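What follows is one structure encoded as structure tokens, with my remarks underneath.
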Amino acid sequence: SHPFKAGFRWAREAGSKTNPQNPAFSFLTIPDLLANRPNSMGLQTGQPSHDAHMDNFGGFLQDDWRLTNRLMLNLGVRFDFYPTFQVEATSDRPAEIVNLESPTDLRLMDFGAPRPADRIYNPDWFNIGPRAGFAWTLDERGDTVVRGGAGVLFSPLMLALLQNNVADPEIGAAINFNRTELAARGIGWGDYAFEIQDSVRAERAGRKAVFSLIDPDLRAPYTVQSMLNVQRSLGGAWMAELGYLRTDGRNFPLSRPLVQAFDRQTGVRPNPALGAPSGVYITSEQTMVYNAMQSSVRRRFADDYGLAFHYTYSRGYAEQGGSLASNFVNSDYFVTQDFFDPFHDRNPLSQEARHRISVDGLYQIPSFTEGWLSHVLGGWQISGVVQARSGVPLRVTQPSGISQSRPDLIGDNPVLDHYRDTLMYLDRSQFALVPTSPITNA
């Protein structure tokens, strides 16, 4: 009545990297292009050759407690331990993540002293994840079963979330200048990468360059998973199922784009002494929620043929799509329009479709032979799946000195009625452009 399990896990995620690139200039208008007045410039300065790794440790205890013949409890707890990300240079060039102590006021960007290179954030040593579930057969025949449970599940931080910020500490992993900063430095199309790097190195005057910043109290993300599900057998050949699933996410990584941390009217940064870091400020502030209603109907027509229909309705929201991935691959990182208020941009989950339908069938081909020939011609199956879903969220943008800026929706229906015939989808009259600064275009 008490099958008991215990286990321990150690895992190491590791990788090596180096990636030199060329500068990329963007221009807002054709006259700006002809006059070589770039609106922005991005230069990946080339990560020095390095090795990086992250360890994570875990242990669990679980008891499957059979209270009666019709009621089973699953009780457990898991412990997770996450040391700090580590990096080691593998060439003559130094390679590290330059991180600073937390600011007293983020709006002032008054970050503190540099942190040790081997402890860029504090390790997350103790995470306790309890979980409990049940399976209850309501009747003696076993026609109806109710299942439910809840659990806390922790995840390690993704290696790429941090490794992409490794840099040569003299110049940083990337250089991004806005229109005002490019004009002040006289940088334009035609300048080579080494010229821009030498200019930045001279500006730094021996001070370490900040590319991205990391909250020293960065925590491991976790979710609270809960569900309730009912399955019912109908006449032996039919089975129906209805369930509710919810996921609440906390401590998800939130990447605030540091290039947005300037006065939109003047282009001035709150703390000029910090320089112009062009990465992100990574914190554990993103939260997410996901709700879904899942239903299934299955029919066994005979011993060799079955068909199933599944439908899911879901809704979910997060500040940056609910992703744990690095901002280099998570396009929902660009949802954030305001560095100082990323929580204003809470949006649907990444690639979320409200409605999903799936139909699958399986047919066991009968064997009409005996002996050795039955081993060749018998035992074959034919199966198929048909899936359909509603569309995923569409983000409407307008040109601005800040990427992914969005206009205001002023109408009730932004989609044109006959878009399939005209191939014109959005009604521009339903949107109002947000005014931009004549100096920064932000």
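State to the nearest 20 debye the size of the charge dipole of the range 262-372 about its Cα centre, where the only charges are +1 on K and R beta carbons and -1 on D and E beta carbons.
Numbers: 9 positive and 12 negative charges, 47 e Å.
For the range 262-372, the charge dipole is close to 220 debye.
Identify the GluC sites (Glu not before Pro) of the range 103-190 meeting these criteria: DSSP loop state and at most 15 other C-beta atoms within 10 Å of the C-beta.
On the way: sites: GLU140, GLU170, GLU181; in loops: GLU140, GLU170.
Passing sites in the range 103-190 are GLU140.
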Accessible solvent surface per residue of the chain, calculated while the other protein chains remain in place, 1.4 angstrom probe, Å²: 54 Å²
For the range 79-158 and the range 200-217, distance of Cα centres in Å: 25 Å
Residues whose placed amide H lies under 5 Å from that of GLU170, excluding near-sequence neighbours: ALA209
Most positive-pole-ward Cα, PRO272, PRO216, GLY58, against dipole of the chain from beta carbon charges: GLY58
About the Cα centre, charge dipole magnitude for the chain (Lys/Arg +1, Asp/Glu -1 at Cβ), debye: 700 debye
Positive-pole candidate from ILE175, GLY151, SER233, dipole of the chain, charges at beta carbon: SER233
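Ordering ASP360, ASP118, ASP421 by how much accessible area each has at a 1.4 Å probe, largest first, what is the list?
ASP421, ASP118, ASP360
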Size of electric dipole in the range 34-172: Cβ of Lys, Arg +1 and of Asp, Glu -1, about Cα centre, debye, nearest 20: 540 debye
Label-point separation, THR68 to ARG201 (7 Å along Cα→Cβ), nm: 7.8 nm
HN-Hα J in Hz across the range 4-17 - Karplus 6.51, -1.76, 1.60, θ = phi - 60°, x for Gly and Pro: 10, 10, 9, x, 9, 9, 10, 9, 10, 9, 9, x, 10, 7
Listed residue (TYR313, SER284, GLN44) projecting farthest to the positive dipole end of the chain, Cβ model: TYR313
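For the chain, what is the calculated [θ] at 222 nm in deg cm²/dmol (nearest 500), taking -39500 (n - 2.57) for each run of four or more DSSP H residues and dividing by its residue count? Provide the component values of the computation, followed by the final result.
Values: 6 runs with 39 residues, N = 442.
For the chain, the value works out to -2000 deg cm²/dmol.
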Rough spin-label spacing in nm, given labels placed 7 Å along Cα→Cβ, for SER102 and ARG250: 1.6 nm
Euclidean distance of C-alpha centroids, the range 1-51 and the range 169-184, integer Å: 16 Å
Nearest-ten-degree value, helix 193-204 long axis tilted from longest Cα axis of the chain: 70 degrees
Backbone HN-Hα couplings from phi across the range 109-119 [Karplus 6.51/-1.76/1.60, Hz, Gly and Pro as x]: 6, 8, 5, x, 6, x, 8, x, 5, 9, 8
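Which chymotrypsin sites (Phe, Trp or Tyr not before Pro) in the range 94-197 pass both tests, a DSSP loop state and at most 15 other beta-carbon atoms within 10 Å? Write out the running numbers ahead of the final one.
Numbers: sites: PHE111, TYR121, TRP125, PHE126, PHE134, TRP136, PHE154, PHE177, TRP189, TYR192, PHE194; in loops: PHE111, TYR121, TRP189, TYR192.
In loop regions of the range 94-197 (DSSP not H, G, I, E or B), the sparsely surrounded chymotrypsin sites (Phe, Trp or Tyr not before Pro) are TRP189, TYR192.
What is the ratio of the Cα radius of gyration of the range 300-442 to 2.2 N^0.38 Å, with N the residue count, to two decimals?
Details: Rg = 25.1 Å, N = 143, 2.2 N^0.38 = 14.5 Å.
Dividing the Cα Rg of the range 300-442 by 2.2 N^0.38 Å gives 1.73.
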Note, ³J(HN,Hα) from phi for the range 409-423, Karplus 6.51, -1.76, 1.60, rounded to Hz, x at Gly and Pro: 7, 10, x, 9, 9, x, 9, 5, 5, 10, 5, 5, 8, 8, 6
Accessible area of the chain belonging to carbon and sulfur atoms, whole % at 1.4 Å probe: 57 percent
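The values are calculated or read from the model by the stated rules, or taken from the named source; none is laboratory data. It should be emphasised that the depicted structure is a prediction, and the values quoted were computed from it without experimental measurement. Cβ atoms come from the backbone with ideal geometry, glycine included; neighbour counts cover every protein chain shown. The accessibility values were calculated without ligands, DNA or RNA, using every heavy atom of the protein model including side chains. Shrake-Rupley method; radii C 1.70, N 1.55, O 1.52, S 1.80 Å.
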